[in-house]
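Here the structure is laid out as structure tokens; the discussion comes afterwards.
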Amino acid sequence: MNESHLQFLASPAWAEMLRTDLLPWLRSVGDLGDDLLEIGPGPGLTTDLLKDLAPRVTAVELDEDLARSLSMRLAGSNVAVINTDATSTGLDADRFSAAACFSMLHHVPTAETQDRVFAEVHRVLRPGGIFATVDALDVEQIRLGHVDDTFVPVDPETLGARLEAAGFSDPVIDVGSYQFRAHAVKR
């Protein structure tokens with residue numbers, strides 16, 4: 001992730017957008033249950049919201065420095081931070097009541113690797129567990145914010161089929177002007 005993008009994701013402006021835009025939507029997708037998995041928290045502003053929505057949160061972060069910083073910041077809370085790859089977490093199957101990832105899928109380097117993330121999330125969710133994700137669309141304004149950065153946007157037109165191929169049911173995808181929101185269920 002380039003430095004300016006990382007700074008934005010740690011900014012008060014992003015935190016406010018999450019609080020006023022993401023949080024109401026996330027509450028509307030269903031009960032997140034007692035054990036929530038977050039994939040790719042980055043600096044953790046999304047984690048700050050999630051820790052108030054479930055008794056236990058596990059955040060999986062690939063970047064070692066971000067994982068260490070978030071772990072130190074949230075020490076003593078209901079959040080465990082694990083520095084590992086989201087395609088192969090090593091977490092127990094059927095453990096989590098819900099899983100979420102926000103504005104991170106486009107940082108996964110290939111569509112095939114994104115599909116492996118979907119499969120791993122499906123594996124660790126309990127039957128009936130919800131997977132919720134929000135991510136950027138492939139629009140010029142978003143692309144400009146990812147100069148010298150990995151940017152592999154997920155096509156919302158094919159996302160439902162990709163989630164179903166990973167084992168999810170009932171995908172719902174809402175497309176906005178700069179992002180999509182999606183959720184599906186493990187049956």
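The values are calculated or read from the model by the stated rules, or taken from the named source; none is laboratory data. Note that the coordinates shown come from a computational prediction; the quantities given were computed from them, not determined experimentally. Counting neighbours? That spans all protein chains shown, and the Cβs are built from the backbone with ideal geometry, glycine included.
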Notebook entry, point to check: Are there any pairs with C-beta distances below 8 angstrom linking a residue in segment 41-53 that is without any contact (Cβ under 8 Å) to a residue 40 or more places away in the chain to a residue that is among the charged types (D, E, K, R) and in a helix (DSSP H, G or I), with the two at least 6 apart or on different chains, and if so which?
Noted result: 44/73; 49/19; 53/27
Check: Pick from segment 103-113 the residues that are part of a loop (DSSP other than H, G, I, E, B) and in contact with a strand residue (DSSP E or B) (Cβ under 9 Å, 6 or more places away or on another chain): which of them is surrounded by the fewest Cβ atoms within 10 Å (Cβ to Cβ)?
Finding: 103
Check: In segment 97-119, which residues are more than 24 Å from residue 48 (Cα to Cα) and in contact with a Gly (Cβ under 8 Å, 6 or more places away or on another chain)?
Finding: 119
Item checked: Criterion violated by residue 11 - all others in (1) out of contact with any strand residue (DSSP E or B) (no Cβ under 9 Å at 6 or more places or on another chain); (2) among the small types (Gly, Ala, Ser); (3) closer than 14 Å to residue 102 by Cβ satisfied -> (3)
Notebook entry, point to check: Which of (1) of a type in the set (Gly, Ala, Ser); (2) exposed (fewer than 14 other Cβ atoms within 10 Å of the Cβ); (3) touching a Lys or Arg at 6+ places or on another chain (Cβ under 7 Å) does residue 4 not meet, given it meets every other one?
Noted result: (3)
Next item on the list: Return yes when residue 33 is more than 14 Å from the chain's Cα centre (by Cα), under 24 Å from residue 127 (Cα atoms) and not hydrophobic (A, V, I, L, M, F, W, C) and no when it is not.
Entry: yes
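Is it the case that segment 100-112 has a residue that's on the phi > 0 side of the Ramachandran plot and of a type outside the set (Ser, Thr, Tyr)?
no
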Notebook entry, point to check: Quick check, is residue 56 under 17 Å from the mean Cα position of the chain (by Cα), among the basic types (Lys, Arg) and within 18 Å of residue 125 (Cβ to Cβ)?
Noted result: yes
Item checked: Residues satisfying the stated conditions in segment 147-172, i.e. out of contact with any Pro (no Cβ under 7 Å at 6 or more places or on another chain), in a loop (DSSP other than H, G, I, E, B) and among the hydrophobic types (A, V, I, L, M, F, W, C) -> 147, 151, 154, 166
Next item on the list: Answer yes or no as to whether residue 100 is in a strand (DSSP E or B) and either among the small types (Gly, Ala, Ser) or modelled with pLDDT of 95 or more (or both).
Entry: yes
Next item on the list: Look at residue 168 and say whether it is at pLDDT 95 or above, of a type in the set (Phe, Trp, Tyr) and under 15 Å from the mean Cα position of the chain (by Cα).
Entry: no
Check: Would it be correct to say that residue 150 is at pLDDT below 95 and either under 19 Å from residue 108 (Cβ atoms) or β-branched (Val, Ile, Thr) (or both)?
Finding: yes
